[in-house]
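Right, one structure below, let's go through it.
Any read-out appearing in this document is the output of simple, stated calculations on the displayed coordinates, not a laboratory observation. Everything numeric in this text was worked out from a predicted model, so none of it was measured. For neighbour counting, all protein chains shown are included, and Cβ atoms are generated from backbone atoms with ideal geometry for every residue, glycine included.
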Amino acid sequence: MNAITQRKLDVISRMIVVIFNLMYVVHFVHAQDISLAGDYGEPVVIVPAPADLSIAHVAWPKVTRTPDGTLIVAAIAGEFHGPHGGGCPVVSFSTDEGQTFSPLQVLKRYHKKAEYTSGGNCALGIAEDGAVVLLSMAYNGDASNTIDGWRSTDSGRTWTSVDVSTLDRSQTGSVFGNVIHVPGQGLAVFGHYRKPARKHSGDLWMAWSRDQGMSWEKPQSVELETNLRLAEPAVTFAGGRFVGLIRNGKDYYTEITSSDLGVNWNMQAVGLKSDYEGPLSLPSPCIVPDPEHPERLLALVSERHQKNEQGGILGRIVLWEAHAQELNWRKIGEIAQFPEKLKDRKDITYPWMAPMGDNQWFIVFYCGKTRGASDLYGLKVQIP
């Protein structure tokens, strides 16, 4: 290759970088200009889509708060969200109550030619010793799947891999939601089996860690009598029992409870049902106990509207509450609305929330293109 040809290639490379950066700037300004406000104020972009297109689609976030007040966000970032999308587990932290977040840190890279071609879900929580514990699944369609795990003892600055040999390499499937601290028992996580771990995907599993998330016991099935295809279980521990809301492809969530630490389960097929009258799909919810009011559970419900008939919105995030024992769900407000003028930014919702004290909560969710840039949004709310 002669010098002239090399200079031409260098110029073209620089032009491509400039174009990508301009696309990123235009996207970021556009994202900030459109209101998503519900009843609690205007959500703002807290982690903008990276300029690196291989991790520009940031989605399915979880958030937790460490004992020193640091907010930790974990998500999956790739070209798009789905099989072979190259999704990678990423983390970011905030030391100023969510006003600013650190640049995304990629914990593990996946790509189209790897053994596992994309990340898919994650679970996040705090161990009894104050460490942040993160589990993340990856998969290659229905051919294979695995789970990776990390701990951080410095509030998200650095991460150390943990032993997940009982969960990885097609022994389970997807892990989702909370890493749950159960007093006197350890940590628990939940997920749903994927092929080839089960011939029929959709069965639920759970696993225990007795050493602060440094290793995990063999998974056990969540035994339920149902024909529903359950996935992405959002489970918490409140009032001395596990309580979960489970995505099932319907316009409601299935509700499960266990009062004996997961040995036996009760199920209510129709648990929390959306009050939206038009056709919709319900991605997985978030369910958490209120630490200042132990008798109360809060849930964030994601809605994706299939016909924009009511108010011209693509979907919304709705806040619900219930008594932890009675589970009498009641809508109390809307966190966000996604207007039609978002146009091609129709990949939305998957909110999560973390308590900040004094009835304040930090809520995160994502919004962006199905294939392409997607931002993480955040909002600090007061819930009386």
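Quick notes
- Separation of the range 65-136 and the range 341-382, taken as the distance between their Cα centroids, equals 15 angstrom.
- When the listed pairs LYS62/LYS369; LYS195/LYS369; LYS250/LYS307 are checked against a 21 Å cut-off, the alpha-carbon distance exceeds it for LYS195/LYS369.
- Note on ALA37 and MET214: the extension gain reaches 59.7 nm, defined as 0.36 nm multiplied by sequence separation minus the Cα-Cα distance.
- 3J(HN,Hα) along the range 165-174: 5, 7, 10, 8, 6, 6, 8, 9, x, 9 Hz, from the Karplus curve 6.51 cos²θ - 1.76 cosθ + 1.60 with θ = phi - 60°, whole Hz, x for Gly and Pro.
- HN-Hα J in Hz across the range 217-232 - Karplus 6.51, -1.76, 1.60, θ = phi - 60°, x for Gly and Pro: 6, 4, x, 10, 6, 8, 7, 9, 9, 7, 9, 5, 8, 8, 8, 6
- The magnitude of the dipole of the range 34-382, with charges of +1 and -1 set on the Cβ of Lys/Arg and Asp/Glu and taken from the Cα centre, is near 1180 debye.
- Point-charge dipole on Cβ atoms (K/R +1, D/E -1) for the range 90-181, about Cα centre, debye to 20: 440 debye
- Loop-located GluC sites (Glu not before Pro) across the range 269-352 with a Cβ neighbour count of 10 or fewer within 10 Å are GLU277, GLU326, with loop assigned by DSSP.
- Computed from Cα atoms, the angle from the helix 3-33 axis to the main principal axis of the chain rounds to 40 degrees.
- Residues whose amide H falls under 5 Å from that of GLY125, counting only those 5 or more places apart or on a different chain, are VAL133, VAL179, with hydrogens built in the peptide plane.
- Cβ-based charge dipole, the chain, positive-most Cα from ILE126, TRP159, VAL58: VAL58
- Net charge in the neighbourhood of TYR116 (other residues with Cβ under 12 Å of its Cβ; Lys, Arg +1, Asp, Glu -1) is +3.
- Using a Förster distance of 30 Å, the FRET efficiency for THR100-ASP344 (Cβ separation, nearest 0.05): 0.60
- Principal semi-axes in Å for the range 233-295 [√(5λ), Cα gyration tensor, largest first]: 23, 14, 9
- Volume per residue of the C-alpha convex hull in the chain, rounded to whole Å³: 144 Å³
- Annotation: extensible slack from ARG157 through ASN359 equals 70.0 nm (criterion: 0.36 nm per residue apart, minus Cα-Cα distance).
- Put a plus charge on the Cβ of each Lys and Arg, a minus charge on the Cβ of each Asp and Glu, and nothing anywhere else: the dipole of the range 186-340 about its Cα centre is then about 620 debye.
- Relative to its residue count, the range 221-364 spans a Cα convex hull of 114 Å³ per residue.
- Residue among ASP96, ASP168, ASP203 with the largest mean-square fluctuation in a Gaussian network model of the chain, springs linking Cα atoms under 10 Å: ASP96
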